[in-house]
1. When region 87-146 is examined, which residues are found to be of a type in the set (Val, Ile, Thr) and open to solvent by 50 Å² or more (accessible area, probe 1.4 Å)?
2. For the structure I just gave you, tell me whether Leu40 is part of a loop (DSSP other than H, G, I, E, B) and within 30 Å of Ala119 (Cβ to Cβ).
3. Taking the residues in region 20-46 that are touching a Ser or Thr at 6+ places or on another chain (Cβ under 8 Å) and touching a residue at least 40 places away in the same chain (Cβ under 8 Å) as candidates, determine which candidate is most open to solvent (accessible area, probe 1.4 Å).
4. What tally of residues in region 147-159 results from selecting those that are without any contact (Cβ under 8 Å) to a residue 12 or more places away in the chain and either assigned to a loop (DSSP other than H, G, I, E, B) or surrounded by 14 or more Cβ atoms within 10 Å (Cβ to Cβ) (or both)?
5. Among the listed residues Glu112, Glu133, identify the single one that is touching a Lys or Arg at 6+ places or on another chain (Cβ under 8 Å) and among the acidic types (Asp, Glu).
6. Please go through region 109-130 and pick out each residue that is assigned to a loop (DSSP other than H, G, I, E, B) and farther than 21 Å from His161 by Cα.
7. Contact list please: Cβ distance under 8 Å, first residue in region 81-107 and among the basic types (Lys, Arg), second residue surrounded by 14 or more Cβ atoms within 10 Å (Cβ to Cβ), pairs at least six apart or on different chains.
Amino acid sequence: ADFQRMFYDGLQATDDQNAYIMSALDKLQYALPMGLFHPLIRVSFAMMHGDKGLIADALAYWAIRYEDLYKRMLPPRTDFASISVSAEENWVTLHAAKPELSFRGGSLNVCERLCSEPALHDIAVAENFFITEENLELKIQEIGDRAIGLYLFEPALTTLHGVTAFQALVDITQTVLGDSDRFRPLLAELWQRYWIWLTALYIEKGVPEA
């Protein structure tokens, strides 16, 4: 109730609703995949509806469930001259390497644990594949293809939510960019965090042929 009131009062006081929501997501992004992205999906639906009460409820739900699943800042790019490989090429490299998991468990738990692995961060968003404010739209298309492909490979609750969360983040991205470009860097960060989780799920599913 305290979180809900805090967010509702904030939304009532602002004259830029999208800016307020993005400010909240900047702080909540470390828990992006929490609960199979249900907080993200609720925020997306609430933004589509436009009701301040629904948005406050969704942000409060995210804040209540908050847990830092990444444990670190995103790795910085060091080579700004290079061009990113495609999402498919990123996974083809992983498929060839066939990384072994050092722990076992349910799909949800494994993915959340992998999200904090520095090696996965480097593979997913730093070495050859990167998502920036400049290439955002292209990378969203590539990532969508990977999310759908993984679901078709193994229809399951986790892979289904990977697709649903992708669409939720697309809707948020389009809504925010329709209003202003100033949040492109933050949107790129949110997509990097989503891609880290999706790549974790790809590994958990045995790195099938991309």
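1. Val92, Thr93, Ile123
2. no
3. Per the stated criteria, the residue is Ile41.
4. Total meeting the criteria: 1.
5. That would be Glu133, the only listed residue that is touching a Lys or Arg at 6+ places or on another chain (Cβ under 8 Å) and among the acidic types (Asp, Glu).
6. If the condition is that a residue be assigned to a loop (DSSP other than H, G, I, E, B) and farther than 21 Å from His161 by Cα, then Glu117, Ala126, Glu127, Asn128, Phe129, Phe130 are the ones that fit.
7. If the second residue must be surrounded by 14 or more Cβ atoms within 10 Å (Cβ to Cβ), the pairs left are Lys98/Val207; Arg104/Val110.
Rundown of residues vs (1) within 20 Å of Val85 (Cα to Cα); (2) of a type outside the set (Lys, Arg), yes/no style:
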site	(1), (2)
Ala119	yes, yes
Glu142	yes, yes
Ala168	no, yes
Arg182	no, no
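The values are calculated or read from the model by the stated rules, or taken from the named source; none is laboratory data. Quantities reported herein were computed from a predicted structural model and do not represent experimental measurements. As a convention, Cβ positions derive from the backbone with ideal geometry for all residues, glycine included, and neighbour counts pool all protein chains shown. Side chains are part of the model used for accessible areas, which takes the heavy atoms of the whole protein and leaves out ligands, DNA and RNA. Shrake-Rupley method; radii C 1.70, N 1.55, O 1.52, S 1.80 Å.
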